[in-house]
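To start, the structure under review is shown below, and the notes come after it.
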Amino acid sequence: MKLPIALLVLALAPTFAVAEVVDQSAVGFEIRRVATIEAPQAKVRAAVLDVGRWWSGGHSYSGDAKNLSIDPVGGCFCEKLADGQVRHMTVVYSDPGALKLFGGLGPLQTTGAAGHLTFKFEKTADPAKTLLTATYDVGGYAKGGLAEVWAKPVDFVLGQQVARLKTYVETGKPD
(Lines give C-alpha, C1' and ligand atoms only; values in the text may rest on other atoms or scores of the structure.)
Protein backbone atom coordinates (compact mmCIF):
# COMPACT_ATOMS: atom_id res chain seq x y z
CA MET A 1 0.00 0.00 0.00
CA LYS A 2 1.37 3.42 -0.95
CA LEU A 3 0.98 6.45 1.26
CA PRO A 4 -0.55 9.47 -0.41
CA ILE A 5 2.11 12.06 -1.23
CA ALA A 6 0.63 14.66 1.15
CA LEU A 7 0.75 12.18 4.04
CA LEU A 8 4.34 11.28 3.21
CA VAL A 9 5.34 14.95 3.12
CA LEU A 10 3.70 15.51 6.50
CA ALA A 11 5.42 12.46 7.92
CA LEU A 12 8.83 13.67 6.78
CA ALA A 13 8.32 17.31 7.77
CA PRO A 14 9.98 18.56 10.96
CA THR A 15 7.53 18.20 13.82
CA PHE A 16 9.43 20.25 16.36
CA ALA A 17 7.91 23.66 15.72
CA VAL A 18 4.62 25.13 14.67
CA ALA A 19 4.86 28.32 12.65
CA GLU A 20 2.24 30.82 11.80
CA VAL A 21 1.76 34.36 10.61
CA VAL A 22 -1.13 34.82 13.04
CA ASP A 23 -2.40 38.15 11.75
CA GLN A 24 -1.42 40.83 9.27
CA SER A 25 -2.62 44.12 7.87
CA ALA A 26 -1.11 47.02 5.96
CA VAL A 27 0.36 48.38 9.20
CA GLY A 28 1.64 45.26 10.92
CA PHE A 29 1.76 41.55 11.54
CA GLU A 30 2.07 38.94 14.27
CA ILE A 31 4.20 35.82 14.04
CA ARG A 32 4.09 32.89 16.44
CA ARG A 33 6.47 29.96 16.71
CA VAL A 34 5.81 27.13 19.18
CA ALA A 35 8.18 24.29 20.05
CA THR A 36 8.35 21.63 22.73
CA ILE A 37 11.93 21.48 23.94
CA GLU A 38 13.37 18.45 25.72
CA ALA A 39 14.72 20.42 28.69
CA PRO A 40 13.46 22.01 31.91
CA GLN A 41 12.15 25.58 31.84
CA ALA A 42 15.20 27.11 33.55
CA LYS A 43 17.58 25.52 31.03
CA VAL A 44 15.57 26.80 28.06
CA ARG A 45 15.42 30.32 29.48
CA ALA A 46 19.17 30.29 30.22
CA ALA A 47 19.83 29.20 26.64
CA VAL A 48 17.71 32.03 25.22
CA LEU A 49 19.79 34.49 27.25
CA ASP A 50 22.96 32.90 25.84
CA VAL A 51 21.89 34.07 22.37
CA GLY A 52 25.43 34.10 20.93
CA ARG A 53 25.54 30.30 21.18
CA TRP A 54 22.47 29.56 19.03
CA TRP A 55 21.48 32.60 16.91
CA SER A 56 22.61 32.39 13.29
CA GLY A 57 25.58 34.60 12.52
CA GLY A 58 24.09 35.07 9.05
CA HIS A 59 21.37 37.12 10.73
CA SER A 60 23.67 39.54 12.50
CA TYR A 61 25.41 42.73 11.45
CA SER A 62 28.89 41.46 12.33
CA GLY A 63 28.43 38.05 10.72
CA ASP A 64 29.37 36.33 14.00
CA ALA A 65 26.72 35.36 16.53
CA LYS A 66 29.37 35.33 19.29
CA ASN A 67 29.06 39.13 19.24
CA LEU A 68 25.40 38.92 20.37
CA SER A 69 24.27 39.15 23.98
CA ILE A 70 21.07 39.57 25.98
CA ASP A 71 21.31 41.23 29.37
CA PRO A 72 18.02 40.62 31.22
CA VAL A 73 18.97 43.13 33.92
CA GLY A 74 20.62 45.87 31.85
CA GLY A 75 17.99 45.50 29.21
CA CYS A 76 19.94 45.09 25.99
CA PHE A 77 19.84 42.55 23.18
CA CYS A 78 23.01 43.96 21.67
CA GLU A 79 25.76 43.13 19.21
CA LYS A 80 29.38 44.22 19.36
CA LEU A 81 30.79 45.57 16.12
CA ALA A 82 34.44 46.23 15.27
CA ASP A 83 33.95 49.97 15.80
CA GLY A 84 30.61 50.19 17.58
CA GLN A 85 27.50 48.29 18.54
CA VAL A 86 23.91 47.55 17.53
CA ARG A 87 21.03 47.58 20.00
CA HIS A 88 18.67 45.11 18.36
CA MET A 89 16.06 45.24 21.11
CA THR A 90 15.51 46.39 24.67
CA VAL A 91 14.49 43.94 27.41
CA VAL A 92 11.26 45.29 28.89
CA TYR A 93 10.28 42.30 31.07
CA SER A 94 12.12 39.31 32.45
CA ASP A 95 11.12 36.53 34.84
CA PRO A 96 11.49 32.72 34.87
CA GLY A 97 8.42 32.29 32.67
CA ALA A 98 8.95 35.02 30.07
CA LEU A 99 11.38 37.33 28.36
CA LYS A 100 9.91 40.33 26.52
CA LEU A 101 11.88 42.60 24.21
CA PHE A 102 11.00 45.73 22.23
CA GLY A 103 12.53 46.97 18.99
CA GLY A 104 13.09 46.18 15.35
CA LEU A 105 15.17 43.19 14.37
CA GLY A 106 17.57 43.39 11.44
CA PRO A 107 16.38 45.42 8.47
CA LEU A 108 13.24 46.47 10.34
CA GLN A 109 15.55 48.97 12.05
CA THR A 110 15.70 50.88 8.76
CA THR A 111 11.92 51.36 8.69
CA GLY A 112 9.41 53.16 10.86
CA ALA A 113 8.42 49.81 12.36
CA ALA A 114 9.01 48.41 15.81
CA GLY A 115 8.04 45.17 17.44
CA HIS A 116 7.49 43.30 20.66
CA LEU A 117 9.17 39.86 20.87
CA THR A 118 8.06 37.55 23.66
CA PHE A 119 9.65 34.25 24.62
CA LYS A 120 7.26 32.37 26.89
CA PHE A 121 8.62 29.36 28.80
CA GLU A 122 5.83 27.08 29.99
CA LYS A 123 6.31 24.05 32.19
CA THR A 124 4.63 20.91 30.89
CA ALA A 125 3.30 17.81 32.68
CA ASP A 126 6.78 16.38 32.11
CA PRO A 127 9.27 18.54 34.07
CA ALA A 128 11.97 17.56 31.58
CA LYS A 129 10.13 19.41 28.78
CA THR A 130 9.29 23.06 28.14
CA LEU A 131 6.75 24.55 25.78
CA LEU A 132 8.42 27.56 24.16
CA THR A 133 6.25 30.14 22.42
CA ALA A 134 7.98 32.96 20.55
CA THR A 135 5.64 35.74 19.42
CA TYR A 136 6.73 38.79 17.45
CA ASP A 137 4.20 41.60 16.94
CA VAL A 138 5.42 44.27 14.50
CA GLY A 139 3.70 47.52 13.62
CA GLY A 140 4.45 50.86 12.05
CA TYR A 141 5.45 52.15 8.65
CA ALA A 142 7.54 50.44 5.99
CA LYS A 143 7.73 51.49 2.36
CA GLY A 144 5.68 49.09 0.25
CA GLY A 145 3.58 47.94 3.21
CA LEU A 146 4.82 46.33 6.35
CA ALA A 147 3.08 42.96 6.17
CA GLU A 148 3.31 42.66 2.39
CA VAL A 149 7.08 43.06 2.41
CA TRP A 150 8.19 41.76 5.79
CA ALA A 151 5.80 39.20 7.36
CA LYS A 152 6.99 36.12 5.47
CA PRO A 153 10.74 36.86 5.61
CA VAL A 154 10.57 37.71 9.33
CA ASP A 155 8.56 34.53 9.96
CA PHE A 156 11.18 32.51 8.09
CA VAL A 157 14.08 34.00 10.09
CA LEU A 158 12.32 33.65 13.45
CA GLY A 159 11.56 30.04 12.52
CA GLN A 160 15.24 29.40 11.83
CA GLN A 161 16.22 30.89 15.16
CA VAL A 162 13.65 28.88 17.16
CA ALA A 163 14.77 25.69 15.41
CA ARG A 164 18.42 26.51 16.19
CA LEU A 165 17.54 27.25 19.82
CA LYS A 166 15.73 23.94 20.19
CA THR A 167 18.62 22.03 18.65
CA TYR A 168 21.15 23.90 20.81
CA VAL A 169 19.27 23.19 24.05
CA GLU A 170 18.80 19.51 23.22
CA THR A 171 22.22 18.73 21.70
CA GLY A 172 24.62 21.50 22.70
CA LYS A 173 25.02 22.59 19.06
CA PRO A 174 22.67 24.86 17.11
CA ASP A 175 22.83 22.89 13.85
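The values are calculated or read from the model by the stated rules, or taken from the named source; none is laboratory data. This one's a predicted model, so the numbers in the text were calculated from it and none came from an experiment. We place every Cβ from the backbone using ideal geometry, glycine too, and count neighbours over all the protein chains shown.
Side notes on the structure shown:
- Criterion applied to 133, 167, 171, 118 was being among the polar types (S, T, N, Q), loosely packed, with under 14 Cβ neighbours inside 10 Å and within 18 Å of residue 47 (Cα to Cα), and the one residue passing it is 171.
- Scanning the stretch 143-175 for residues that are more than 18 Å from residue 88 (Cβ to Cβ), at pLDDT 95 or above and among the basic types (Lys, Arg) yields 166, 173.
- In the stretch 35-150, counting only strands (runs of 3 or more DSSP E) that sit wholly within it, the ones holding 1 or more residues that are without any contact (Cβ under 8 Å) to a residue 40 or more places away in the chain span 68-71, 76-81, 84-95, 98-103, 112-123.
- Subset of the stretch 73-95 that is at pLDDT below 95 and of a type outside the set (A, V, I, L, M) - its residue that is surrounded by the most Cβ atoms within 10 Å (Cβ to Cβ): 75
- The requirement of being surrounded by 15 or more Cβ atoms within 10 Å (Cβ to Cβ), under 18 Å from residue 31 (Cβ atoms) and of a type in the set (Gly, Ala, Ser) is not satisfied by residue 65.
- Selection status of residue 39, surrounded by 16 or more Cβ atoms within 10 Å (Cβ to Cβ), of a type in the set (Gly, Ala, Ser) and touching a Phe, Trp or Tyr at 6+ places or on another chain (Cβ under 9 Å): no
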